[in-house]
Every structure is written in structure tokens, then in C-alpha cells.
Amino acid sequence: MNPSKTSRGAAKKALLSLAIGSFGIGMTEFVVMGLLPDIAADLLPALWAQSPEEALGRAGWLISLYALGVVIGAPTIAGFAARFPRHRVMLVLAIALTVFNALTVVLPTFELVALSRLLAGLPHGAYFGIGALVAADVMGPGNRAKGVAFILTGLTLANVIGVPLGTFLGQQWGWRTAFAVVTLVFAVGALCIARFVPAHPGSPGRTMREELAVFRSTQVWFALAVGAIGFGGFFAVYSYIAPVVTEVAGAAEWTVPIVLVLMGAGMTVGNLVGGHLADIDLRRTLLWGLATMAVVFVVLAMVSAWIVTLSALVLVVGIVSSVLSPTIQTRLMDVAGDNQSIAAALNHSALNVGNSLGAFLGGAVIAAGWGFTAPSWVGAALAAGGLLIALLSYRVERTRAEAVLAVAS
């Protein structure tokens, strides 16, 4: 798919088709956060009756297991599928997402639902990674971050529309209703991909061994660590936003979807702004984004007792965190060399290591009795850690560049 060979209308239909899938991924990944108390009460009734905090921490495993699925699936699927036509790979991934989310709707026990969440996470990273390559190709040179931001727009819109709607439906008619809607979204996405995404060749001669060579790069590891540690701060906060709204701010349960709309609106704005800023100055956008996120989480921990200030800070959290999404993705693609397919997918492995880490640490401090604002302090520490790793990455890169120049002169 190339802008010189594909009409603007055809390219737009193709990208919108892929965005439907990313909308579904945004819903399936994030709707759990708003429904965590409902899921814990339904699947862990005995533990919920004994200790709601411990039940919430246990239910948070569903978030971590989904993230683990992304971590496992992104490099393996992307590496294996690099040689196949990308339009066919995207269709298979969309069908897999449909089936695995349908399992979440029907499986009866916590253990089986946990397995379905692990399976649902497997296609996530490859879908976004390969889809990002298609989007970047459509946008053309000089606009790669904007192309990445476009394919992520479905995810951010899910947080404005899909996640709040799914949370509301889940609160009214049971949490499984939300995943039934997710399943329907993926089914529609699969049909649209089959109809509107034109033939897009992969790399026929590419092997898994060649793709895995990406792990020899120190800068790739730095970029992955920035995503895993730095962005883990966002997930520490977002995973437990529902009990913060109801227990800390003392707001009614019906306000949770409204707060999620604010988070989603901020993420949509931040994603678009991040794509623009990253094309202008990637380094500055990455460093300032991580620093700002750490500060915002500290402030959030201090003002969560008031629903108005909590809502305002949630909007800011959404903006700042999503500025980093296309920025980290583009940084990883920059340092990956010829291994673009697996690198684009590895970004989502890294972010979901952050998802798993943030959800786990956030649940751990809550289960330890430190309160529902404790995850915000965890988030600040993780964001600061990501900033330090990014600074070290650029320092090493600059030192090596200076050494090469010294040798050349």
C-alpha cells in the first residue's frame, strides 16, 4: 500500500478498517479497569465478601495476564508472519481477536476467564505493529509518527466512547455484556479488513532468525525498557481508577464512565499531539513527556479526594500518557534498523510489560493496605525510572556517535 499507487479514498478506507480493530483492542484492554469491582464480585464472591481489597488485587491478574499475552504474542507472531502478505495477516489476527474475546463472554470461572484474557492478548501487539507499518507507508516519509498515531486513533477513541459505554453496559447488565460488544466490534473489523485492505506484501525472504536479530541492539533494549518501565506508571494508575473514584473521591458508581470519558478524551488529544511533536523533535518529546507524567501522578495522589480535581487530573493523565505512545513507537522503529516488523510489534510487548507491571504493583500496594491512592505514587516512581533510562539511552548513543567521529577524523 503506497500513496503513489493507492487512491486517497482507498487508503482512508483501509486505515479506517484497521482502526476498527484497534478500537476493539482499546475496549478489550481497558474496559476491565472500569469493571474490576464487578468482575471481582462476580468471579470471586467468597473473597469479595471477606476482603474487597484483596479480591480487587486478585482480579487485577486479568489485566496482567492480558498484558502477558501481548508480551508473548507480539514478537513471536510478528517475527513468524513477517514473510506473509500483511493484509492476510491482519485478517487472521482480527478473526483470532474475535474468537478469544467471545471466550471471555461465555467461560464460567475466574481461572477460565483468566485463560481467555491471556489468549486475547496474543494477537494484540502484532496487530498494532503490522498495522503501524501499513499506516506509516500510507502517510509517507516525514510523517511516520503521524501514520502511527492514525492507527492508534482507534485505541484512543475506544477510551472516549467504547470503554465508558462498555463500563456503563457492564454495570447495568453484567460485565460480560461489555465483552460481547467487544466481540461484535472485532467481527465488524474483520469483515472490513477483508473488504477494504488491499494486497500489501510482506517480506517473503525474511526469517524468524533475521527478525530476532533486533535483540542484538543495545538501543532497542533501551527503548523497550523506556516503554515497559516509564509507561508502566500509567497502567498502575489507570488499572485502579474505578475504586479511586468511588472510594477515595466518594463519588457514585455512575460517575466512573464519565471519568473514563475524560481519560479517553485526553488520550485522543495526546495521541494526535504526540504524533506531531515526535515528528518535530522526538528526543525532546520523549524526555519531557516522561518527566511531566511523573509530576502529574504525584499531584494526582494528592488531590484524588475531590472529584472535580480528580477528573481534571485524569484528563491531563490521558493527554500526557498518549503523547508518549507514538513517540516511543517511533523511537523503537528508528533504532531497529531493518527489523521493522518485529520492532513495531515489540513496542506493544514493552507497553504491556508496563501494563502487567503497573497493574501488579498497583494491586500489591492496595492489597498491602496502603490505600487506593498508592498506585499513583507507584506510577510516579515508574515514570521517573523511564526518564532515567531514556536519558541513559541518549547518553550512550551520543557517546558512540562521538567515538565514531573521532575514529573517522
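Residues with beta-carbon under 12 Å from that of residue 35, excluding residue 35: net charge, scoring Lys, Arg +1 and Asp, Glu -1? Within the 12 Å Cβ shell, the charges total -2. With the convex hull constructed from alpha-carbon coordinates only, the stretch 266-358 shows a mean projected area of 6.4 nm² over all directions. Rounded to the nearest 20 debye, the dipole size of the chain about its Cα centre is 1320 debye, using +1 on the Cβ of Lys and Arg and -1 on the Cβ of Asp and Glu.
Quick one: with all protein chains in place, what share of the accessible area of the stretch 232-271 is carbon or sulfur, to the nearest percent (1.4 Å probe)? Intermediate results must be reported in sequence, preceding the final value.
Numbers: 720 of 1050 Å².
Of the solvent-accessible surface of the stretch 232-271, carbon and sulfur hold 69 percent.
Counting only protein heavy atoms and a 1.4 Å probe, the chain has 39 square angstrom of accessible area per residue. Show log10 I(q)/I(0) for the chain at q = 0.12 Å⁻¹, two decimals, from a solvent-free Debye sum over equal Cα scatterers. Each listed q maps to, in turn, -0.88. Scattering from the stretch 346-409 was approximated by placing one identical point on each alpha carbon and applying the Debye formula without solvent; log10 I(q)/I(0) at 0.30 1/Å stands at -1.15.
Which one, 258, 244, 292, projects farthest toward the positive side of the charge dipole computed for the stretch 202-320 from Cβ point charges (K/R +1, D/E -1)? Farthest along the dipole direction, towards plus: 292.
State the answer as a single residue: which of 36, 25, 129 lies farthest towards the positive end of the charge dipole of the stretch 4-129, with beta carbon charges of +1 for Lys and Arg and -1 for Asp and Glu, about the Cα centre. Positive-most Cα among the choices belongs to 129. The calculated pair-distance distribution of the stretch 185-313 uses every alpha carbon pair, bins of 10 angstrom beginning at 0, and gives 9, 26, 27, 25, 11, 2 percent.
What value, in deg cm²/dmol to 500, does the helix sum -39500 (n - 2.57) over DSSP H runs of n ≥ 4 give at 222 nm once divided by the residues of the chain? Let's see the in-between values first.
Numbers: 18 runs with 327 residues, N = 409.
The per-residue figure over the chain is -27000 deg cm²/dmol.
Cα extents for the stretch 30-87 along the principal axes, largest to smallest and rounded to whole angstrom: 52, 17, 13. Using Cβ point charges alone (K and R +1, D and E -1), the dipole size of the stretch 303-409 about the Cα centre works out to roughly 140 debye.
Please report, ordered by residue number, every helix of the chain (full DSSP H runs) that is 24 Å or longer along its axis going by C-alpha atoms and whose mean Kyte-Doolittle hydropathy reaches 0.0.
Values: long enough: 8-43 (49 Å, 1.01); 61-81 (29 Å, 1.75); 86-106 (31 Å, 1.60); 175-196 (32 Å, 1.69); 255-280 (38 Å, 1.44); 282-303 (31 Å, 1.83); 307-335 (42 Å, 1.61); 340-367 (40 Å, 0.96); 374-408 (52 Å, 0.98).
Helices meeting the criterion: 8-43, 61-81, 86-106, 175-196, 255-280, 282-303, 307-335, 340-367, 374-408.
Taking 0.890 mPa s as the viscosity and 25 °C as the temperature, the Stokes-Einstein diffusion coefficient of the stretch 1-132 based on its alpha-carbon Kirkwood radius rounds to 153 µm²/s.
A full extension of the chain between residue 370 and residue 194 corresponds to an added length of 58.4 nm, given 0.36 nm per residue minus the alpha carbon distance.
Placing unit charges on C-beta atoms (Lys and Arg positive, Asp and Glu negative, everything else neutral), compute the dipole magnitude of the stretch 219-348 about its Cα centre in debye, rounded to 20.
Numbers: 3 positive and 6 negative charges, 33 e Å.
So the dipole magnitude of the stretch 219-348 works out to roughly 160 debye.
Computing the accessible area with a 1.4 Å probe over protein heavy atoms, can you report the carbon and sulfur percentage for the stretch 1-112? Carbon and sulfur: 68 percent of the exposed surface of the stretch 1-112.
Can you tell me the order of 116-125, 364-373, 290-299 when each peptide is scored by its average per-residue count of other Cβ atoms within 10 angstrom, highest first? List each step's numbers first, then the result.
Numbers: 116-125: 25.9, 364-373: 16.8, 290-299: 20.8.
Going by the mean number of other Cβ atoms within 10 Å, highest first, we get 116-125, 290-299, 364-373.
When you restrict to C-alpha pairs under 8 Å that are six or more residues apart and normalise by the size of the chain, the relative contact order lands at 27 percent.
The values are calculated or read from the model by the stated rules, or taken from the named source; none is laboratory data. Please read these numbers as outputs of a predicted model, since none were measured by experiment. Positions of Cβ are backbone-derived with ideal geometry, glycine not excepted, and every protein chain shown enters the neighbour counts. These area figures cover heavy atoms from the full protein model, side chains too; ligands, DNA and RNA do not enter into them. Shrake-Rupley method; radii C 1.70, N 1.55, O 1.52, S 1.80 Å.
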